[in-house]
Amino acid sequence: GRYVIPLAAVEECLELSLEEDLRSRGRSFITLRDRLVPFLRLREMFATGTRPDPHQKIVVIATGAERVGLVVDQIIGSHQTVIKSMSPLHQDVAAFAGATILGDGGVALILDVVQLVLAGQQQEERLRAAG
């Protein structure tokens, strides 16, 4: 599937090297300017069943002072989109803020940045509690 990240929430994009991925040993943190930033693998979060791309990217998003990285396979670019709100049947799905129709006619879900940052914080708290 394709997901859209609101550009206003994006701080930066960087490559997740295989070495850095292996070094994290499942802890899902990167060191960014002497600060640990948790990251979420969207492939795992949404159970896509696909294999990781050898050149994964991390899109660092922020809400206020809180930051989290989102591991993606590729960055397509920036596009102006019209946000369609979710139907009443799907309003309880916390990870998505809405949907949009892409230029090629495909549909992409718009990620809810606040919910993803909260998920990253919860993951960080669980890992710290586990020691």
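The values are calculated or read from the model by the stated rules, or taken from the named source; none is laboratory data. Keep in mind that what you see is a predicted model, and the values were worked out from it rather than measured. Reconstructed Cβ throughout: ideal geometry from the backbone, glycine too, with neighbour counts over all protein chains shown. Surface accessibility is based on the protein's heavy atoms, side chains included, excluding ligands, DNA and RNA. Shrake-Rupley method; radii C 1.70, N 1.55, O 1.52, S 1.80 Å.
Set the Förster radius R0 to 25 Å, insert the Cβ-Cβ distance between L32 and Q80 as r into 1/(1 + (r/R0)^6), and round the FRET efficiency to 0.05. Let's see the in-between values first.
Working: r = 28 Å, r/R0 = 1.14.
Step by step, r from the Cβ atoms, then E = 0.30.
How far is the Cα center of the stretch 86-105 from the Cα center of the stretch 2-41, in Å?
After rounding, the separation between the Cα centres reads 24 Å.
For the chain, what does the helix formula give at 222 nm: sum of -39500 (n - 2.57) over DSSP H segments with n ≥ 4, over the residue count, nearest 500 deg cm²/dmol?
Values: 3 runs with 28 residues, N = 131.
Result for the chain: -6000 deg cm²/dmol, rounded to the nearest 500.
Working with all protein chains in place, sort R23, R67 by solvent-accessible area computed with a 1.4 Å probe, largest first. Before the final figure, lay out each step's value.
On the way: R23 120, R67 35 Å².
Final ranking, largest accessible area leading: R23, R67.
Name the residue from I101, G77, P38 whose Cα lies farthest towards the positive end of the charge dipole of the chain, charges +1 on Cβ of Lys and Arg and -1 on Cβ of Asp and Glu.
Towards the positive end, the residue furthest out is P38.
So, with +1 on the Cβ of K and R and -1 on the Cβ of D and E, and no other charges, what is the size of the charge dipole of the chain about its Cα centre, to the nearest 20 debye?
Values: 14 positive and 16 negative charges, 42 e Å.
With only Lys, Arg, Asp and Glu charged at Cβ, the dipole is about 200 debye.
Quick one: Debye curve from the C-alpha atoms of the chain, no solvent, what's log10 I(q)/I(0) at q = 0.15, 0.18 Å⁻¹?
After summing over all Cα pairs, the log10 values are -0.74, -1.07.
Kirkwood Rh and Cα-based Rg: tell me the resulting Rg over Rh for the stretch 2-60, rounded to two decimals. Kindly include the intermediate steps, with their values, before the conclusion.
On the way: Rg = 12.0 Å, Rh = 12.6 Å.
The Rg/Rh ratio comes out at 0.95.
Measuring from a point 7 Å past the Cα of E19 along Cα-to-C-beta, which residues in the stretch 52-70 have an amide N at less than 18 Å?
The answer is 54-58, whose backbone nitrogens lie closer than 18 Å to the label point.
Measure off, as a whole percent, the carbon and sulfur share of the 1.4 Å-probe accessible area of the stretch 3-130, all protein chains present. Please list the in-between numbers first.
Numbers: 4360 of 8170 Å².
Heavy-atom surface of the stretch 3-130 belonging to carbon and sulfur, 1.4 Å probe: 53 percent.
Rounded to the nearest 0.05, what FRET efficiency do I101 and D53 have when you use their Cβ-Cβ distance and R0 = 30 Å? Mind dumping the intermediate values first?
On the way: r = 25 Å, r/R0 = 0.85.
E between I101 and D53, to the nearest 0.05, is 0.75.
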